[in-house]
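Notes follow once the structure below has been shown.
Derivation of every value follows stated rules applied to the coordinates shown; laboratory data play no part. Since this is a predicted model, take the numbers as computed values, not measurements. When we count neighbours, we look across all protein chains shown, and the Cβ atoms used for this are built from the backbone with ideal geometry, even at glycine.
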């Protein structure tokens, strides 16, 4: 397993979802890195700071963080005591199932306590107990946390967001493999391109072009793990001009080349069999 997981106390696999209890030493600093799969993490004891591009999240005891696949971050662990966490890592099949009904794995989500923390603690208890019913209970816990994240995400979409922004987001997702212009998107929304650009930046915290680029990289990441298509084929399927274009953008956003990412994913699956 990657060194960023720290010391592994226990693991459990349910289908292609991996549950890991980790321990990171007090005072540890991890440089910028990313994980190949989306994760949910509960801080059981101790604490750390998760440092993303635009913000820092304090993950004290009880904090729950949902991270999307490939999200670059660094970690700074508290010096008072070791930090123990429970991590749920979603494999390609489970991520695809979730993606069919929700975009909840597409953004970082955090909870500093409340129902999500209680549910993740229940999950940890089942991981320690493990009988014939535990796998079902653990799966239920995971879906409940995802449900909480999706509800908050949906409410956030409705609060202060113009209705046409959802149309634009859906259109971009459906047509991410081809060239899109601001004029075309503005026509979908029925607003001026300049207004669309300003509103999109405010709500998504990135320009339209960056969002489109991120979607393409995310789809390429999934294909690298779930298919045997060549890099050239994947580049074509995901809207990049060629394999070199895919490689440049993929490395810029994930810190890894597509080839290295695919090898690491295959090696990880082989190790866990």
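Bin all alpha-carbon pair distances of region 55-208 at 10 Å intervals from 0 and give each bin's fraction as a whole percent.
Once binned at 10 Å, the Cα pair distances of region 55-208 give 9, 31, 31, 19, 9, 2.
Which one, 107, 55, 228, has the greatest fluctuation when you compute a Gaussian network model over the chain with C-alpha springs under 10 angstrom?
Highest fluctuation of the listed residues: 55.
Label residue 108 and residue 4 with points 7 Å out from Cα along Cα→Cβ: what is the distance between them in nm?
Reported label-point gap for residue 108 and residue 4 is 1.2 nm.
Expressed as cubic angstrom per residue, what is the convex hull volume of the alpha carbon set of region 29-109?
Cα-based convex hull of region 29-109, divided per residue, equals 84 Å³.
Give the dimensionless ratio obtained when the Cα radius of gyration of region 163-272 is divided by 2.2 N^0.38 Å.
That works out to 1.21 for region 163-272.
If you build a Gaussian network model of the chain, linking Cα atoms that sit under 10 Å apart, which residue out of 40, 20, 172 swings the most?
Of 40, 20, 172, the Gaussian network model singles out 172 as fluctuating most.
Measure nothing but the geometry: give the 0 to 90° angle between the long axis through the Cα atoms of 92-101 and the longest principal axis through the Cα atoms of the chain, rounded to 10°.
The angle comes out near 60 degrees.
Compute the length gained on full extension between residue 166 and residue 195: take 0.36 nm times their separation in residues and subtract their Cα-Cα distance, giving the result in nm to one decimal.
9.0 nm
When you take every Cα atom in the chain, what is the radius of gyration, and what is Dmax, the widest Cα pair distance, in Å?
19.2, 58
May I ask for the angle, rounded to the nearest 10°, between helix 208-226 and the longest principal axis of the chain, with both axes built from Cα atoms and the value confined to 0 to 90°?
For 208-226 against the chain, the angle is about 50 degrees.
Test of understanding: ordering 138, 101 by Cβ neighbours within 10 Å, fewest first, what list do you get?
101, 138
Just 38, 189, 80 to compare: in a GNM of the chain, with alpha carbon springs under 10 Å, which one fluctuates most?
80
Tell me, what is the FRET efficiency for residue 181 and residue 57 to the nearest 0.05, using R0 = 41 angstrom and their Cβ-Cβ distance as r?
So, using R0 = 41 Å, E works out to roughly 0.70.
Quick one: helix 243-254 against the long Cα principal axis of the chain, what's the angle to the nearest 10°, folded into 0 to 90?
50 degrees
Starting with the fewest neighbours, write out 141, 85, 72 ranked by other beta-carbon atoms found within 10 Å of each beta-carbon.
72, 141, 85
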